[in-house]
Structure formats: C-alpha cells, structure tokens
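Heads up, the thing below is written out as structure tokens.
The values are calculated or read from the model by the stated rules, or taken from the named source; none is laboratory data. What you see is a predicted model, and the numbers here were worked out from it, not measured in a lab. Here the Cβ positions follow ideal geometry from the backbone for every residue, glycine too, while neighbour counts run over all protein chains shown.
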Amino acid sequence: MGRGLAAAFADGAVRRQDIFVTSKVANGDQGYRRTLDKFEGTLRRLQLDYLDLYLIHWPVDGQYVETWRALEKLYRDGRVRAIGVSNFDVQRLQVLLRAADVQPAVNQIEFNPLMQEQAMRKFAPAHNITVEGWSPLGGGKALNNPVIALIGQKHGKSVAQVILRYDLQCGIVTIPKTVHEQRMVENARIFDFELDDQDVAAIAGLDQNQHALWYDAFGWYGSDTDFGMATQKWPDSTPDYDA
Ligand SMILES: NC(=O)c1ccc[n+]([C@@H]2O[C@H](COP(=O)([O-])OP(=O)(O)OC[C@H]3O[C@@H](n4cnc5c(N)ncnc54)[C@H](OP(=O)(O)O)[C@@H]3O)[C@@H](O)[C@H]2O)c1
C-alpha cells in the first residue's frame, strides 16, 4: 500500500489531501506503549506523515481504555486527524466515553442487510459518533437477495448500488471493498437516485440481527459467545518488518 501511494503521489495521480487513509490497532498490539510503537511502524510502511482516521480494531477487555489513551496522544500530537473504535458494543462504548478526554469520532461495525445494528444506530448518533459499516455487501453474500434485486430493477441499479444507497440514507459511512475497477466505479454511482419509503422499509425488514458472515466462518463467534472473549482467539498483531 505504501509503495502504491508513493507512486501515485509521485506521478501526480492523486494528492495526499484527496484520499482518506484509515488504519487500526490490531488486537495483539493494544496497551499504551505498544500502540504508540506500532503506530510508527504503520505510518512508516504507508510512507505517510499522518493518517486521517485511526481505530481500535476490537475492544480487548482490560486494555482498550489504555489503548485509547495512546490514540488521544496521537490525536493531540497531530499524527492522526480523527480517532475512533471498531466492533464496540454499547456497553463498552459507554465505558470508553466515561474514561475518554477525546470522544471517539467513529465506531466501525458490521452493517449489511442481515445485520443492521439497531442498538448502536440509536446510541452512536446521540453521542456524536458516526457509524461506519464494514462488509456492507455482506462480503458479497448479500448480493443474491431477491428483495433487493427487485428494488434494483425498479431504479435501474445493481443490488450493490441499492445496498450502498440504503446505507447512505441510513446515515452510515459505507466502505465496500472490490479489486475490480469497474465495480469500484459502480459502487460510487449511488448519488443519482433515491430509495423511497417502501424500499427502505423492505430492506429494513431483512434485518436478522446476525453477525452472519465473517465470524461464523471462523466457527468461534456466535450469539452465545462472550464478546470480549473473542479477542483471545484472534490475538493478531501487525508485523514489524517492512516488506
Ligand atoms: N473492522 C472490522 O473488523 C472489519 C471486518 C471486516 C471487514 N472490514 C472492512 O470492511 C471493508 C469491506 O468489507 P468486506 O470486504 O468484508 O465485504 P464487502 O465490501 O461487503 O464485500 C466485498 C465482496 O463483494 C464483492 N463486490 C464488491 N462490489 C461488488 C459489486 N459492485 N458487484 C459484485 N460484487 C461486488 C467483492 O468482490 P471483488 O473484490 O472480487 O470485486 C468482494 O467479494 C473492507 O475495507 C474491510 O477491511 C472491517
């Protein structure tokens, strides 16, 4: 990524201020000192001198408040333009809000037609926290949905475009991923149509409140699993080497 960005800046394809770069502290890198150290490595490998947004990837119990202290320092020092969290539930966000000097700007959580996070969508805006939705297309699996396909036909839009437009109308910052240029263009063309109340109600009705996709594939995260325990099974860390 760092090499790609450096090349794009060098040949004038984009300027730094035209792009928005987010990174996160991995689960195994949390705590005050380690977060600060790891941040330096991330920035060096990206070949950037600031990030636009830096997140705590997951609320590792017993550590996330200390990790937040490090993010506050990075924010105050001007190393990041905004700081936030990811995968926080309401309870842990309340703990963080009580401890924080700088309030989180963002909570990045799974948001797609099967998982519409009603509780967080009420809580976050009341605290000026923007909800950012990861896996908005359900990792691709939401693209087969017949209800959304019908809405797409009505508007002359693809299923992906309808889902992303729904996110937008719900006030969710949506971050679809694709490796195909054509799909990137398609996913950005959502500002020239509007879903009506009927469409919105139909998509809202698809919510199953299930972390449907990612976690199930690992077989260790379900409705009966303690939320904070998940980190013990996913103790990942950002490598220190510069590839
Ligand atoms: N904070 C977290 O814990 C967390 C967890 C998971 C993901 N995320 C982030 O969320 C972002 C997106 O998540 P995601 O990649 O899991 O899922 P996603 O964006 O919901 O889905 C990506 C899949 O949809 C396909 N796709 C994208 N646009 C399409 C289109 N217009 N038509 C047909 N297929 C299309 C992609 O295929 P192709 O690439 O082949 O086009 C890929 O298979 C990423 O930036 C990821 O890092 C964050």
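In this structure, is LYS141 in contact with a helix residue (DSSP H, G or I) (Cβ under 9 Å, 6 or more places away or on another chain), among the basic types (Lys, Arg) and not assigned by TED's automatic domain parsing to the domain that holds LEU96?
Spelling it out, it is not the case that LYS141 is in contact with a helix residue (DSSP H, G or I) (Cβ under 9 Å, 6 or more places away or on another chain), among the basic types (Lys, Arg) and not assigned by TED's automatic domain parsing to the domain that holds LEU96.
How about region 135-145: which of its residues are surrounded by 20 or more Cβ atoms within 10 Å (Cβ to Cβ) and near the ligand (Cβ under 6 Å from one of its atoms)?
Those that are surrounded by 20 or more Cβ atoms within 10 Å (Cβ to Cβ) and near the ligand (Cβ under 6 Å from one of its atoms): SER135, PRO136, LEU137, GLY138.
Output the number of residues of region 146-192 satisfying the condition of being over 23 Å from the mean Cα position of the chain (by Cα) and either hydroxyl-bearing (Ser, Thr, Tyr) or within 10 Å of the ligand (Cβ to nearest atom) (or both).
Counting residues in region 146-192 that are over 23 Å from the mean Cα position of the chain (by Cα) and either hydroxyl-bearing (Ser, Thr, Tyr) or within 10 Å of the ligand (Cβ to nearest atom) (or both) gives 0.
Given (1) farther than 28 Å from TRP58 by Cβ; (2) touching a strand residue (DSSP E or B) at 6+ places or on another chain (Cβ under 6 Å), where does PRO104 come up short, assuming only one miss?
For PRO104, the exception is condition (1).
Going through region 78-129 one residue at a time, which ones are at positive phi and surrounded by 16 or more Cβ atoms within 10 Å (Cβ to Cβ)?
ASN87, GLU117
Specify the residue that is farthest from GLU117 (Cα to Cα); the eligible residues are those in region 173-202 that are aliphatic (A, V, I, L, M) and part of a helix (DSSP H, G or I).
Ranking the qualifying residues of region 173-202, first place goes to VAL185.
Hey, any hits in region 5-23 for a residue that's touching a Gly at 6+ places or on another chain (Cβ under 8 Å) and surrounded by fewer than 19 Cβ atoms within 10 Å (Cβ to Cβ)?
There is no residue in region 5-23 that is touching a Gly at 6+ places or on another chain (Cβ under 8 Å) and surrounded by fewer than 19 Cβ atoms within 10 Å (Cβ to Cβ).
Pairs please, first residue from region 162-190 and hydroxyl-bearing (Ser, Thr, Tyr), second anywhere and near the ligand (Cβ under 10 Å from one of its atoms), Cβ atoms under 7 Å, 6+ apart in sequence or on different chains.
Taking only residues 6 or more apart or on different chains, the pairs are THR174/GLY133; THR174/PRO136; THR174/LEU164; THR178/MET184; THR178/ASN187.
Would you confirm, using the coordinates I've provided, whether PRO176 is at pLDDT 95 or above and surrounded by fewer than 13 Cβ atoms within 10 Å (Cβ to Cβ)?
So PRO176 fails the test.
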